[in-house]
Amino acid sequence: MTALRAIRAEWTKLRTLSSTGWLLLGAVAGTVALGSAITGTLDHRSCDTPCLVDPVKLSLAGVRLGQVAVVILAVLAVTAEYATRTIQPTLAAVPRRTLVVLGKLAVLVGVALAAGAIAVTAAYLAAGIALDGTGFAGPVWSDHLDQRAAVGSIVYLGLIAALAAGLGLLLRDTAGAITAALFLLYGIPVAASFLSDPRWEHRILRYSPMDAGLSIQATRDFAAEHIGPWAGIGVLSAYAGGAVLLGLLVFAIRDAR
């Protein structure tokens with residue numbers, strides 16, 4: 001019952017944050033809008049032969065934008081308690097710190113997965129409309145590769161929430177945790193792009209959390225990916241798990257001020 005009480009308490013705190021609804025809306029809207037905008041510009045007549053354009057992956061390109069809102073939400077859910085000094089009442093109600101962390105993760109990952117499911121479904125529907133008349137077929141729900149891309153993108157957003165929450169626990173500072181998360185996601189690929197050696201660029205992108213994790217979206221031209229789809233999700237899981245474990249360790253041994 002204590003675990004359920006911790007989850008209920010974290011859900012109450014999250015839904016009463018004024019920013020929660022707007023950030024979730026931003027995650028969905030950003031994912032759908034960017035994917036729809038990109039797929040709407042495609043034209044099969046201008047595609048080389050053989051055509052390696054992946055319309056399904058492009059329809060989900062907005063995940064790269066929508067994840068920013070997920071990061072901010074997850075970090076705020078953790079660090080806001082330090083800013084408002086409500087972490088002490090939280091620990092008074094649930095003294096076992098592990099349960100507090102697990103409650104936060106259950107709620108944040110659950111909300112991210114739900115938002116991801118809505119965003120991916122809407123992105124697929126919008127892509128079907130945007131691709132009409134372009135010569136490209138839209139996502140097909142019965143195709144196993146399209147299904148993998150959709151499910152993988154939802155799982156990706158859940159892992160992003162866990163990663164951001166772990167960094168929030170570790171740093172206890174909103175700006176610092178958001179900056180660290182965004183650097184891991186966007187900074188590493190940007191830095192890799194400045195390398196003159198393509199082999200090192202490939203190695204870095206292979207283990208970059210965003211590029212590795214989003215390899216799950218590919219449905220064609222797999223040779224262009226730096227890592228396999230599920231292996232890439234495994235890399236992102238390692239980042240998220242490491243951040244959560246370090247955050248939990250620091251949360252367990254230091255005071256709550």
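The values are calculated or read from the model by the stated rules, or taken from the named source; none is laboratory data. Note that the structure is a prediction, hence the values are computed from the model and not measured. Note: ideal-geometry Cβ built from the backbone for every residue, glycine included; neighbour counts use all protein chains shown. Accessible surface is based on the protein model in full, side chains and every heavy atom, while ligands, DNA and RNA are left aside. Shrake-Rupley method; radii C 1.70, N 1.55, O 1.52, S 1.80 Å.
Annotations
- Among the residues of the range 70-103, those that are open to solvent by 30 Å² or more (accessible area, probe 1.4 Å) and either in contact with a strand residue (DSSP E or B) (Cβ under 6 Å, 6 or more places away or on another chain) or modelled with pLDDT under 90 (or both) comprise Ala83, Thr84, Arg85, Thr86, Gln88, Pro89, Ala92, Ala93, Pro95, Arg96, Arg97, Thr98.
- When every residue of the range 135-144 is checked against the conditions, at least one turns out to be assigned to a helix (DSSP H, G or I), modelled with pLDDT of 95 or more and out of contact with any His (no Cβ under 6 Å at 6 or more places or on another chain).
- Within the range 121-134, the set of residues being in contact with a Ser or Thr (Cβ under 9 Å, 6 or more places away or on another chain), of a type outside the set (A, V, I, L, M) and either buried (at least 21 other Cβ atoms within 10 Å of the Cβ) or not in a helix (DSSP H, G or I) (or both) comprises Tyr124, Thr134.
- Any hit, the range 125-146, residues being in contact with a Gly (Cβ under 6 Å, 6 or more places away or on another chain) and under 26 Å from Ala212 (Cβ atoms): yes
- Yes/no for Ala161 being of a type in the set (Gly, Ala, Ser) and assigned to a helix (DSSP H, G or I): yes
- Exactly one residue among Val107, Val111 is at pLDDT 95 or above, assigned to a helix (DSSP H, G or I) and in contact with an Asp or Glu (Cβ under 6 Å, 6 or more places away or on another chain), and that residue is Val107.
- Residues of the range 1-37 that are in a loop (DSSP other than H, G, I, E, B) and either free of Cβ contacts under 8 Å to residues at least 24 places away in the same chain or more than 19 Å from Ile118 (Cα to Cα) (or both): Met1, Leu17, Ser18.
- The range 195-226, subset surrounded by fewer than 20 Cβ atoms within 10 Å (Cβ to Cβ) and among the hydrophobic types (A, V, I, L, M, F, W, C), residue farthest from Leu145 (Cα to Cα): Leu195
- The selection criterion, being among the hydroxyl-bearing types (Ser, Thr, Tyr), within 21 Å of Ala218 (Cβ to Cβ) and open to solvent by 60 Å² or more (accessible area, probe 1.4 Å), does not hold for Thr31.
- Applying a threshold of 9 Å to beta carbon distances and a minimum spacing of six or more residues, or different chains, the list of pairs starting in the range 38-52 at a residue that is open to solvent by 90 Å² or more (accessible area, probe 1.4 Å) and ending at one that is among the hydrophobic types (A, V, I, L, M, F, W, C) and assigned to a helix (DSSP H, G or I) reads Thr41/Ala130; Leu52/Ala224.
- Selected residue (only one of Ala192, Ala175 is loosely packed, with under 14 Cβ neighbours inside 10 Å and among the hydrophobic types (A, V, I, L, M, F, W, C)): Ala175
- Hits in the range 165-221 (condition: free of Cβ contacts under 8 Å to residues at least 24 places away in the same chain and acidic (Asp, Glu)): Asp197, Glu201, Asp211
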